[in-house]
Every structure is written in C-alpha cells, then in structure tokens.
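Data first, discussion second: the structure below is written as structure tokens.
The values are calculated or read from the model by the stated rules, or taken from the named source; none is laboratory data. Because the structure is predicted, anything quoted here is derived from the model rather than measured. Here the Cβ positions follow ideal geometry from the backbone for every residue, glycine too, while neighbour counts run over all protein chains shown. Heads up: the accessible areas ignore ligands, DNA and RNA and are worked out on the full protein's heavy atoms, side chains in. Shrake-Rupley method; radii C 1.70, N 1.55, O 1.52, S 1.80 Å.
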Amino acid sequence: MSLGPARRRSAELERHFRQTPDRFRVMTGDRPTGPLHLGHYFGTLHNRVRLQDLGVDVFVIIADYQVLTDRDMADRLGEYKDGLLLDYLATGIDPARSTVFSHSAVPALNQLLLPFLSLVSIAELGRNPTVKDEIANSRQSTVSGLMYTYPVHQAADILFCKGNVVPVGQDQLPHLETTRTVARRFNERYGAVFPEPDALLSAAPLLLGTDGTKMSKSRGNSVPLGATADETARLIKGAMTDADRHITYDPETRPGVSGLLMLAALCLGRDPHDVAEEIGDGGGAALKRTVTDAVNTFLAPMRARRAEYAQDMPYVRSVLRAGNERADAIAEATLDEVREAMGMSR
Ligand code: TRP
C-alpha cells in the first residue's frame, strides 16, 4: 500500500479502535540494539500505551534474532533487553494488559518462517526498498541470508498471534506488505488461517538527532529516555546548530536548529514556530537551554518510574518471562493450525 491510502486507512482504523477496541490485536516491537530514545517515544512508544489504554490487545516483541540482520553478533543483549523492558514499563506498558516477549523464547513462532519462506520469491525479497537501503548502509562486508529474509521473519512475528494492526514508521511499510502477501498466499494455498494486517502510520514527524540527521540508536545522536538530566544537558550542548543567531524553524535549510526546536515543541506540546519566535535572537545557547529544560521536565516522571523499576530487576525480568509463556502458547496453537492446514498434523 502506498502512502496516501495507508494514511486514509490509518484514520479509519482510529475510529474503529474507539468503537470496537476488542476486535484488534496490535503487534509492534524493537530490536535490542541500544537504549530507546525520544524518537521512539514520540514515534511509537506513546502510541502503544494509548492503544493499550483504549482496550486494544497489544503485543510487543523484543526482536533479538532480528539483531543479526546487519551485524555478525548480537552484543550486550542482556543489557539492552533489560533497558527495553524498563523503558516499556516506565512509559506505561501494563503487563496485565499487554504482552512483552522475545523471538528467541518462542520456538513455534520461528518455525513459521519455514512455510512462510516458501510463499515469497527471491526476486521479491530483493526488491524490498528498506532492505536495499540497509544493505547499502551496512558495515558488514557481506550480506547475510537473514538480511534478505528478515521481513518474512517479521511476518511470523505478526501472524503467529494473528495481529491485525501494526503501528509503523514509513520505513516499515514494505515489511508490512510482505506480511500481507504471506498471509494472503498462505490462505489461498491452504485455507483461511491468517488476517491481512493493516499498517497504522505514526502521525509524529520524523525526529532529528543532535547531528541534524534522523535520530537513531546506532548513530550516537539520540537522547535516551533513560539518560540522566546531566547527560541530557551534555548531549544537547553538543548538538549541531548554525551561525545564525536568529532562531527560526526551517527543517530544509536549518536541520540542526529545527531538529532541536521540534524536540522542545513535542516535549512542550507546542508548535515549533512559536518556540522559535520566543527564543528570537537568543542564538544557539538559548535554544539549547530551552530544549534541555523542556526535555528534562518532560522526561522527569518517566525517568523516576524507570529508576524505581530498576530497583527490582527480578520483577522486570519476570514480566518478560510471563509474556514469553503467553506468546509461546499462542504460537503453538497457531503452528498446530498451520500444520493441520498443510496436511502435516501428526
Ligand atoms: N523491524 C522493526 C524495527 O526495526 C522491529 C520489529 C521486529 C517489528 N518484528 C516486528 C515491528 C514486528 C513490528 C512488528 O523497528
């Protein structure tokens, strides 16, 4: 689905969530490759919690096997998984209502990859624009089979629990298209088992990092949710601005300044043009003070909750264990259905 129709469909879905939240199962997740940051918060985390609070069933995957798409080994997995769990809990994911789990703990999910791979051609896999982009930017000297096939693995993430809504940024739309293709072809070949999930496009603007490019876990340009107030001040102090002391919001010509203004605006719930006007001729120093205050004030309650949860890591890890168990039971049931449909039942 291209952008226009995907936007319209997303607006329609929002109405349905309000009327019949119990007809939806939302599937989202993150790769455990580093701490979550403000870009994640405004792009997806707050939306997960909003949907959960509307009564939608939310599944969140910690996509540990997917870490291996663009690197040889998954480093510091335990640390990053703990960090994700803390961020989820601190932002308001409620384990009594939502399910958090990881790839590697749910064998039956991974087994779906086998029949699913038979439903897509090598040519189709090679045409995925997001995968192409990741290959072009990869630091690896070779491209692994997982790099080409992970969108099909992602289809298993979504379909094992019959997720029918996937909140995504634009870069994930091709993956969702793969999921829909897999579901449709499976159903055509073997009988109706899977829904064809819809994308729910995020309304949030792309958040720029401290270097004026997309805020990203791996670029070292982000403000982590779990950073301290001092670390935050330091990160923002080092952010790229420009020589013009008159602060204006103009993302095209002033990406550094505009990225900072957008950060402040989101945290303050205001328009970035207004924030710029207020700073006026104050220059980069005043801009950075405004942004630092806005971010630290906004994140303070979340950080306090995060610190509280961090005091009780046995509890935090038990949330993942319980989620894994729930996901495992669902995956086993779906795999049984799949085997049955394919004539493989024992
Ligand atoms: N590819 C997603 C990302 O990089 C993470 C992910 C893995 C995911 N499996 C998923 C997202 C299933 C939604 C649904 O952010």
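Key figures
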{"quantity": "Over region 27-172, relative contact order from alpha-carbon pairs under 8 Å, at least 6 apart, %", "calculated": "33 percent"}
{"quantity": "Beta bridge orientation in the chain: antiparallel %, DSSP, nearest 5", "calculated": "10 percent"}
{"quantity": "Which of 270, 219 is most accessible, then next, and so on - probe 1.4 Å", "calculated": "219, 270"}
{"quantity": "Rounded to the nearest 10 Å², the accessible area of residue 206 at probe 1.4 Å", "calculated": "120 Å²"}
{"quantity": "Rounded if a/c under 1.5, otherwise prolate or oblate - region 223-332, Cα gyration tensor axes", "calculated": "prolate"}
{"quantity": "Helix runs (DSSP H) in the chain reaching 20 Å along axis by Cα, Kyte-Doolittle at least 0.0", "calculated": "77-91, 145-159"}
{"quantity": "Residues of type aspartates and glutamates that residue 81 reaches as a straight line, Cα spacing below 19 Å, ignoring anything fewer than 8 places off in the same chain", "calculated": "30, 64, 70, 72, 94, 157, 308, 312, 325, 328"}
{"quantity": "Inter-probe distance in nm under a simple model that places probes 7 Å from Cα toward Cβ, at residue 74 and residue 136", "calculated": "2.8 nm"}
{"quantity": "Farthest toward positive dipole pole in the chain [+1 Lys/Arg, -1 Asp/Glu at C-beta], among 154, 187, 307", "calculated": "187"}
{"quantity": "Positive-end residue of 257, 298, 282, charge dipole of region 229-310 with Cβ unit charges", "calculated": "298"}
{"quantity": "Value at 222 nm in deg cm²/dmol, rounded to 500, when DSSP H runs of n ≥ 4 in the chain each add -39,500 (n - 2.57)", "calculated": "-17500 deg cm²/dmol"}
{"quantity": "Efficiency of FRET between residue 322 and residue 219 - r from beta-carbon atoms, R0 30 angstrom, step 0.05", "calculated": "0.35"}
{"quantity": "1.4 Å probe accessible area per residue over the chain, in Å²", "calculated": "46 Å²"}
{"quantity": "Ranked order, 103, 16, 40 - accessible area, probe 1.4 Å, largest first", "calculated": "16, 40, 103"}
{"quantity": "Dipole moment magnitude, nearest 20 debye, the chain about Cα centre, only Lys, Arg, Asp, Glu C-beta charged", "calculated": "400 debye"}
{"quantity": "Accessible area, probe 1.4 Å, largest first, for residues 132, 81, 214", "calculated": "132, 214, 81"}
{"quantity": "Placed amide H near residue 193: partners under 5 Å, 5+ positions off or other chain", "calculated": "187"}
{"quantity": "Share of Cα-Cα pairs in region 1-107 lying beyond 25 Å, as whole percent", "calculated": "28 percent"}
{"quantity": "Rounded percent of accessible protein surface that carbon and sulfur make up, region 153-219, 1.4 Å probe", "calculated": "46 percent"}
{"quantity": "Accessible-area value, residue 249, 1.4 Å probe, nucleic acids and ligands omitted, Å²", "calculated": "50 Å²"}
{"quantity": "Solvent-accessible surface (1.4 angstrom probe) belonging to residue 152, in square angstrom, nearest 10", "calculated": "0 Å²"}
